[in-house]
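Report on the following structure.
The values are calculated or read from the model by the stated rules, or taken from the named source; none is laboratory data. Because the structure is a prediction, the values reported are computed rather than measured. All Cβ positions, even for glycine, are placed from backbone atoms using ideal geometry, and neighbour counts span all protein chains on display.
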Amino acid sequence: MSANLMTTQPAVVAYLPMHGPYAQIPEGFGRLYGWIESHGYTAAGMPAAVYFNMPSDETASDAVWELQAPLAGDLPDAPPDEDGIGVRSVPAMDVVSAVHKGPYDSMLPTYQAIWGWIEENGYEPCGPPMERYLNNPEETHPDEALTEVLMPVKKA
């Protein structure tokens, strides 16, 4: 597995702040995409999750994270509404990226490859890690799941 430096494209995303166990991801994406459809927006790209802390226990009850779905068009930023979902612009950023193939619970080597690249190339993290889900887990065998792990970085 190889990690490499890349620059993401700016995007407008619908986002859903989340707290607690990651088992909420399927239900959260259902809410997010239902909201997009009900507001007449068009999803335009692969969904992602951004992880703001490292949970202290296996159940991740104290995890803070958010789900994102890229949207088509030039939409104005909007804070979360009564459904808890907002819209915001995400600027382009330098990231170290690696694609993981396999179950979500086996991603540690992918993160280790990214950390190794960062250390070996004189960079440092400058934002929370993100995961882009490149295929639908409801339609894909866990061994075939593709997840792009992205770590925002800056030159040390």
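Before moving on, here are some points about what is shown:
- Residue check, Ser61 of a type in the set (S, T, N, Q), within 24 Å of Gly20 (Cβ to Cβ) and not in a helix (DSSP H, G or I): yes
- Boolean, Tyr15 is of a type in the set (Phe, Trp, Tyr), modelled with pLDDT of 95 or more, surrounded by 11 or more Cβ atoms within 10 Å (Cβ to Cβ) and in a loop (DSSP other than H, G, I, E, B): no
- Looking across segment 98-145, just one residue is of a type in the set (Ser, Thr, Tyr) and part of a loop (DSSP other than H, G, I, E, B), and that is Thr140.
- Looking only at residues in segment 37-94 that are polar (S, T, N, Q), at pLDDT 95 or above and surrounded by fewer than 11 Cβ atoms within 10 Å (Cβ to Cβ), the one that is farthest from Glu131 (Cα to Cα) is Ser38.
- Criterion applied to Glu27, Glu37 was being among the charged types (D, E, K, R), under 23 Å from His100 (Cβ atoms) and more than 15 Å from the chain's Cα centre (by Cα), and the one residue passing it is Glu27.
- Candidates Ala49, Ala14, Ala43 - the one that is closer than 19 Å to Met151 by Cα and under 16 Å from the mean Cα position of the chain (by Cα): Ala49
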